Amino acid sequence: MTQKKQVHTMRQAIRWGDMAAFGHVNNTVYFRYMESGRIAFLEQAAGDLEIKGEGPVIVTAYCNFIRQLKYPGEIEIRTFAGPAGRSSFEVTHEIRMVDADGNADVVAAEGGGKVVWIDFAAEKSVPLPARVRELLPAE
């Protein structure tokens, strides 16, 4: 089994605009929540993510929806990373509901994907930067 390491945790409010006409958070928004956690981790690991020739892209993404989220509310996004390959690593997320006491014990969704570091001009993968690699678990 692949080793995973929790690399980032953040909280954010559920926004009114996140809701679908059916009164719960739209399923596409869960991917935005995961993106927020992933980008916050990468900015922490690699610094500014402005396009300067190379950076991260997602090549796969998935989400398992477990419970509905509704406005108003708050969520906690826990981000986990797997071991580094030459130019990529797996990332997974838990989206948890925060209760009135501030606890985030209930998982509302689990998802993730594969992050690949690329040279944007060449449209080819390049080795992961050392500053990212050192934050990932060993195999």
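Which order do you get for Ile39, Ile118, Ile14 if you rank them by accessible area with a 1.4 Å probe, largest at the top? Write down the numbers at each step before the final one.
On the way: Ile39 60, Ile118 30, Ile14 10 Å².
Output order, biggest surface exposure first: Ile39, Ile118, Ile14.
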Each label point is 7 Å from the Cα along the Cα-to-Cβ direction; what then is the distance between the points at Glu43 and Ala21, in nm? 3.4 nm
As I understand it, the dipole of the chain uses +1 on the Cβ of Lys and Arg and -1 on the Cβ of Asp and Glu, about the Cα centre. Which of Ile95, Ala121, Gly55 lies farthest toward its positive end? Ala121
In region 38-120 the accessible area split gives carbon plus sulfur, as whole percent at 1.4 Å, a share of 47 percent
Any idea what angle helix 27-46 forms with the longest principal axis of the chain, computed on alpha-carbon atoms, 0 to 90 degrees, nearest 10? 40 degrees
Per residue accessible area of the chain, 1.4 Å probe, in Å²: 57 Å²
Anchor Lys70: aspartates and glutamates whose Cα lies under 14 Å away (excluding residues fewer than 8 positions away in-chain): Asp18, Asp99
Excluding residues fewer than 8 places away in the same chain, name every one of the lysines whose C-alpha is closer than 18 Å to that of Lys124. Lys52, Lys114
Pair Asp99, Glu134: separation of 7 Å Cα→Cβ label points (nm): 4.0 nm
So how much accessible area does Ser125 have, in Å² to the nearest 10, using a 1.4 Å probe? 50 Å²
Would you mind checking region 62-88 for residues with the amide N under 14 Å from a putative spin-label position 7 Å along Cα→C-beta of Arg11? 73-78
Keeping all protein chains in position, work out how much accessible area Met97 exposes to a 1.4 Å probe, and write it in Å² to the nearest 10. 60 Å²
With every protein chain present, what accessible area does Arg78 have (1.4 Å probe, heavy atoms only), rounded to the nearest 10 Å²? 60 Å²
Alpha-carbon Debye profile of region 18-139, log10 I(q)/I(0) at 0.15, 0.17 Å⁻¹: -0.72, -0.87
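The values are calculated or read from the model by the stated rules, or taken from the named source; none is laboratory data. Keep in mind the model is a prediction, meaning the values are calculated, not measured. FYI the Cβ positions are ideal-geometry reconstructions off the backbone, even for glycines, and counts take in every protein chain you see. Surface accessibility is based on the protein's heavy atoms, side chains included, excluding ligands, DNA and RNA. Shrake-Rupley method; radii C 1.70, N 1.55, O 1.52, S 1.80 Å.
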